[in-house]
1. By how many nm would the segment from residue 81 to residue 152 lengthen if fully extended, with 0.36 nm per residue of separation less the alpha-carbon distance?
2. Calculate the length of the line joining the C-alpha centroid of region 47-69 to that of region 202-265, in whole Å.
3. Among rounded, prolate and oblate, which fits region 9-183 when a ≥ b ≥ c are the square roots of the eigenvalues of its C-alpha gyration tensor, a/c under 1.5 means rounded, and a/b larger than b/c means prolate?
4. Which FRET efficiency, nearest 0.05, do residue 136 and residue 103 yield, Cβ-Cβ r, R0 22 Å?
5. Most mobile of 266, 182, 223 per a Gaussian network model of the chain (Cα springs, under 10 Å)?
6. Between residue 39 and residue 175, what length comes free when the chain is fully extended (0.36 nm per residue of separation minus the Cα-Cα distance, one decimal in nm)?
7. Determine, from the Cβ-Cβ distance of residue 228 and residue 195 and an R0 of 22 Å, the FRET efficiency 1/(1 + (r/R0)^6), rounded to the nearest 0.05.
8. May I ask you to derive the FRET efficiency for residue 243 and residue 285 from their Cβ-Cβ distance with R0 = 22 Å, giving the value to the nearest 0.05?
Amino acid sequence: MCYNCRVSSIECIPNVSEGRRADVIAIVVAAIRAVPGIRLLDQSADADHHRSVFTMVGDATALKAAVLELFAAAIPMIDLRRHRGAHPRIGAVDVVPFVPLGDTPLAACAALAREVGRAVADRFGVPVYLYEAAADDPDRRRLEELRRGQFERLSERMDDAAGRPDFGPSAPHPSAGACAVGARGPLIAWNVNLATPDHDAAREIARQVRESTGGLPCVKALGVWLADRHVAQVSMNLTDYRTTSLATVMARIRAEAARLGVGIAGSELIGLIPEGALEAVDLDQLGLPRFPDDQILERRLEG
């Protein structure tokens, strides 16, 4: 699965467990930008989720170098023993997915994920789990399973042979935890804010929407509380917009919210989105009336 791009390349979207300290985020950005052959297409930070997402493109050699530089910058500055945020996490650098662009096959991204995962473990002593297309064990394909129990339960997970990482020590890094490195198709990170501070309402809507509890195919969802904004949020990943569109998801959320007597305050996209996901979509209905064109992946790649 790939986007319509003019050249063969790979997209990488590392998620880092820091969304509040602008100076730390700036150092990570500088580390990425210093690597030859890398284009940093997008960055976003969220204080409530306490998380930053970076979108970069390049060839396999450049991306491997950029990920290693990102780890070198982030690990000394992020201590998960003092980290609290709305988003689940197991690592200071929590997840590193590789996504094919142009005519790059997914198998090439899976091979790169394994190479990078081994290099991260060897250089930094951070345990690495492989997920999605990079995973050898089908039970490890789902990222949410790897994050179950989060950083605080990593030691317990690794005490069990079934929970040992694919690379690195069988104990968490003291401050940086572990990391999930994988290969996958396009994913849309999308959050819907409710017009209520009722966390239970967000959890119930998420339960009705996500595939794992009988909801919509290719939808992952959590109900979270945003303290800074004083609202509840349905935080989602859409793993195949061709199977389940944004419009279909929002229709279900609106129906479930109405059932609970809750309004929709709006929504937000995290990172970039494929242009095809916006075809025949009413942005007002999605709560995205001021959606910027430069948040479309293909527009950034052309820039």
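1. Answer, rounded to one decimal: 24.7 nm.
2. For region 47-69 versus region 202-265, the Cα centre distance is 27 Å.
3. Note, shape of region 9-183 comes out oblate.
4. 0.30
5. Among 266, 182, 223, the largest mean-square fluctuation in the Gaussian network model of the chain belongs to 266.
6. Stretched fully, the residue 39-residue 175 segment lengthens by 46.1 nm.
7. 0.85
8. E(calc), rounded to 0.05, equals 0.70.
Just so you know, all these numbers are worked out from the coordinates, no wet-lab data involved. Since we're looking at a predicted model, the values are computed, not measured. Every residue, glycine among them, receives a Cβ derived from its backbone with ideal geometry; neighbour counts consider all protein chains shown.
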